[in-house]
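Everything on this sheet refers to the single structure shown next.
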Amino acid sequence: MQRRKFLQQVSYGTGIAATGCLPYGLARLLAPDDARAATGMQLKPPGALANDLSFAQACIGCGLCGEVCPPRCIQFKKREGGNELNFPYINPEEKACTLCGQCMEVCPTQALTPVSRDEVDMGIAQIDRTACYPWVDKGICGACVVVCPLGEKAIGFDFANIYRPIVTKECVGCGLCVEVCPHPSLPIKIVKQYAWSVTWT
């Protein structure tokens, strides 16, 4: 009898907990992608029109850019409704752009315009020197420098310490450095050019 009563109490408690959590779970499930991915970066694909409104007006949400993307880094916004339904974006925390240019070539509108790798403007990498392993003397890394498709033109090592990464203004914001960063807090972010500072590069 005691065992049966105990099991009934456990079942009752579990039911109450599940019922209490249901609204939060449903809210998260039904929330727009932007809300669910609030902690993730959402970059426009390479060659995208700089003005967000112009990009929104030009993109027809055909999905061709995602179909031809070799690394499958291009995702599409869902459930926002309005003009942003099926809009392409890249979250480098999950999969970054390799600057292959195929998305720009296949775009049937002017939303993505073919440009050279050096002229792509997806943003610029910004390193939090209070978290980056080499900058806080917690180890040797250099993964971000090795993986950069533009080489030392965009990111190199500090002259005084060959293991500390330094981003230059030639960075185009592809996000490969973000993808390969081994630090769990991802001290590398892709930000807008105007938000880039000299202190945190």
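Tabulated data for the structure shown
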| quantity | calculated |
| --- | --- |
| Sorted peptide list for 51-59, 92-100, criterion being average Cβ within 10 angstrom, highest first | 92-100, 51-59 |
| Simple spin-label estimate for residue 76 and residue 192 in nanometres, 7 Å along Cα-Cβ | 2.7 nm |
| Under 18 Å from the Cα of residue 77 - lysines, other chains or at least 8 residues apart | 44, 95 |
| Spatial separation of Cα centroids for segment 40-110 and segment 130-201, in angstrom | 24 Å |
| Contact order relative to length of segment 76-181, as percent, for alpha carbon pairs under 8 angstrom and 6 or more apart | 30 percent |
| By average C-beta atoms within 10 angstrom, highest first, the peptides 147-154, 117-124 | 117-124, 147-154 |
| Sequence-separation-based contact order of segment 123-195, relative, with Cα cut under 8 Å and 6+ spacing, percent | 43 percent |
| Percentage relative contact order, segment 39-118, counting C-alpha pairs under 8 Å, at least six apart | 41 percent |
| Using alpha carbons only: equivalent-ellipsoid semi-axes of segment 123-195, gyration tensor based, whole Å | 17, 13, 11 |
| Long-range Cα-Cα pairs in segment 39-118 (distance over 23 Å), rounded percent | 11 percent |
| Entries in 78/192; 78/153; 78/138 that, when Cα-Cα distance is taken, lie over 30 Å | 78/153; 78/138 |
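Every number here is computed from the coordinates shown, using simple stated rules; none is lab data. Here the structure is a predicted model, which is why all the values come from computation and not from measurement. Neighbour counts are summed over all protein chains in view; Cβ atoms, including those assigned to glycine, are modelled from backbone coordinates with ideal geometry.
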